[in-house]
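*Asks:* This is the structure, below, for whatever I ask next.
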Amino acid sequence: MNSNAQINGERLLQRIDDFARIGGTAAGGVNRQALSAEDRQSRRLLAELALARGFRVFQDPMANLFIRREGRLVDRPPFVIGSHLDSQPTGGRFDGALGTLTAFEVMESLEDAGVATELPLEVVAWTNEEGSRFAPGTMGSMAFSLGAIPEAWSDLRGSDGALFTEELKATLDALPDIAMRPLGFPICGYLELHIEQGPSLERENVPVGIVHGIQGTRWLEVTISGQAAHAGTTALEFRRDPMVAATAALDILFKRIMPGDAAARVTVGRFTIEPGSVNAIPGSVTFTVDLRHSDATVIDQLEALVRKNCATAASAAGCQANIRQFFDMTPAAFPETLLGCLERAGRALDLPAKRMLSGAFHDALFINRVAPSAMIFVPCRDGLSHNEAEFVEPEHSIIGARMLLQSTLEAMTELGKPPAVA
């Protein structure tokens, strides 16, 4: 589908700057954590911009914010584009916000050109993608895909001690004039533009990544218990040192998992030693293990490897290992229907593109469970993200917007076709 709609690059870049000032840090980044006062301010600004253009605006019980532009087929489920507005505590101005503001620019460009679409089009700003203040991340899209807010979230407190339910209510109440709609209504498809958060596009000088899937993630917490004792008086034969067991197990895992499989990822991000005294043998050691792979079967195998090696190392040191799984996100493969739309869009714009797998999880992972979804990546400088120095070249922001516009038109044409008659 071709149209005379054109991205207004100057407007898009100005919007990126305007939103970056909300929660802006002295180092040029953004601190706009989910359900905070800054997050509410960014939501209000987006809603005001949408209402000024005559679009309809809604929010659902999870504070996901939707902007609607009608199509000819008003009773058909909408096609949705967007991302998120919340950030890390010391985040960049592009992670999430670029995708949301680019989606809004696509909608405005269609409106500027008077392009009528068959399907309704909606822009979404999902709630709490980052998970930095309230865990887990991707709360908004997760709840949308479930059609309900998980009961377990009712007692959540944020990193600042704030109660999740109270901050969610305050965020909803901050837009009292915005209509409410049910959580998890039908949509016909979803596209999300995002910065790559890695270096490959920049290094290969490719302006567009077509994301064909998202690798799965599993988090384990390992506790190895031994016996606390005096560091100076306890000889080797009397020691039950959980640190010896932990380092032995991790040495094997680090040497085997990633060197043995280029697609695998293993990370230890938290490490706690009790009692934590300089002159005491620890009584216990607790650490997390983040496992990632595009194949769910391989993730099962990696978890089994972690369990076996930790148990073996603990036994050898006279200790005991306890391992619990506390997060599990299965891999996502995006449908060829939408991937084909993205490839046609790239060819129509004469933009070099490469298919790629996302190493980080995004809202598209959950929306793919209820509707065909896909993602577009644009390069970021040095692959840096979750950092105040995060940067996307202006030309790449505009190219990404052009790609999203053309991809949206291609996808709405494809998904708007009448069902085949048997």
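The values are calculated or read from the model by the stated rules, or taken from the named source; none is laboratory data. Here the structure is a predicted model, which means the values were calculated and not measured. Heads up, the Cβs are rebuilt from the backbone with ideal geometry, glycines too, and the neighbour counts pull from every protein chain shown.
*Asks:* Picking from 185, 164, which residue would you name as being within 30 Å of residue 73 (Cα to Cα), aromatic (Phe, Trp, Tyr) and at pLDDT 95 or above?
*Replies:* 185
*Asks:* Also, I was wondering about something else. Out of 59, 88, I need the residue that is in contact with a strand residue (DSSP E or B) (Cβ under 9 Å, 6 or more places away or on another chain) and within 22 Å of residue 392 (Cβ to Cβ). Which one?
*Replies:* Result: 88 is the single residue among 59, 88 that is in contact with a strand residue (DSSP E or B) (Cβ under 9 Å, 6 or more places away or on another chain) and within 22 Å of residue 392 (Cβ to Cβ).
*Asks:* Quick one: residue 232 ticks every box in (1) assigned by TED's automatic domain parsing to the domain that holds residue 286; (2) buried (at least 22 other Cβ atoms within 10 Å of the Cβ) bar one, so which box is it?
*Replies:* (2)
*Asks:* Looking at the range 106-135 only, could you name the residues that are of a type in the set (Val, Ile, Thr) and either over 23 Å from residue 70 (Cα atoms) or part of a loop (DSSP other than H, G, I, E, B) (or both)? Walk me through how you get there before you give the answer.
*Replies:* The initial filter retains those residues of the range 106-135 that are of a type in the set (Val, Ile, Thr), namely 106, 115, 117, 123-124, 127.
Listed by number, the residues that qualify are 115, 117, 127.
*Asks:* Can you name the condition, by its number, that residue 199 falls short on among (1) over 30 Å from residue 353 (Cβ atoms); (2) in contact (Cβ under 8 Å) with a residue 40 or more places away in the chain; (3) surrounded by fewer than 19 Cβ atoms within 10 Å (Cβ to Cβ); (4) not aliphatic (A, V, I, L, M)?
*Replies:* (1)
*Asks:* Restricting the first residue to the range 105-129 and requiring it to be under 20 Å from residue 59 (Cβ atoms), which pairs with a second residue that is assigned to a strand (DSSP E or B) and among the hydroxyl-bearing types (Ser, Thr, Tyr) meet a Cβ separation below 9 Å and a spacing of at least six or different chains?
*Replies:* Partner pairs satisfying both residue conditions: 124/83; 124/190; 125/83; 126/83; 129/83.
*Asks:* Please report, ordered by residue number, the helices (runs of 4 or more DSSP H) entirely within the range 321-422 with at least 2 residues that are surrounded by fewer than 23 Cβ atoms within 10 Å (Cβ to Cβ) and in the same structural domain as residue 20 (by TED's automatic domain parsing).
*Replies:* So the answer is 336-348, 394-415.
*Asks:* May I ask you to list the residues in the range 25-36 that are aliphatic (A, V, I, L, M) and under 21 Å from the mean Cα position of the chain (by Cα)?
*Replies:* 30, 34, 35
*Asks:* When the range 57-105 is examined, which residues are found to be touching a helix residue (DSSP H, G or I) at 6+ places or on another chain (Cβ under 8 Å), part of a strand (DSSP E or B) and surrounded by fewer than 24 Cβ atoms within 10 Å (Cβ to Cβ)?
*Replies:* Correct list: 57, 59, 69.
*Asks:* Could you go through the range 347-363 and let me know if any residue there is touching a strand residue (DSSP E or B) at 6+ places or on another chain (Cβ under 9 Å), at pLDDT below 95, over 30 Å from residue 228 (Cβ atoms) and aromatic (Phe, Trp, Tyr).
*Replies:* yes
*Asks:* Still on this structure, I have one more. Which residues, taken from the range 15-56, are small (Gly, Ala, Ser), in a loop (DSSP other than H, G, I, E, B) and buried (at least 19 other Cβ atoms within 10 Å of the Cβ)?
*Replies:* From the range 15-56, those small (Gly, Ala, Ser) are 20, 23-24, 26-29, 34, 36-37, 42, 47, 50, 52, 54; that's our starting set.
Those left that are additionally in a loop (DSSP other than H, G, I, E, B): 23, 26-29, 34, 36, 54.
Within the range 15-56, 23, 29, 34, 36 meet the criteria.
*Asks:* Can you name every residue in the range 266-286 that is at pLDDT 95 or above, farther than 24 Å from residue 236 by Cα and not hydroxyl-bearing (Ser, Thr, Tyr)?
*Replies:* Listed by number, the residues that qualify are 266, 268.
*Asks:* Oh, and also: Among the residues of the range 279-300, which ones are of a type outside the set (Val, Ile, Thr) and either closer than 30 Å to residue 230 by Cα or crowded, with 16+ Cβ neighbours inside 10 Å (or both)? Can you show your working first?
*Replies:* Within the range 279-300, the first condition is being of a type outside the set (Val, Ile, Thr), and the residues that meet it are 279-280, 282-284, 287, 290-296, 300.
Scanning the range 279-300 gives 279, 280, 282, 283, 284, 287, 291, 292, 293, 294.
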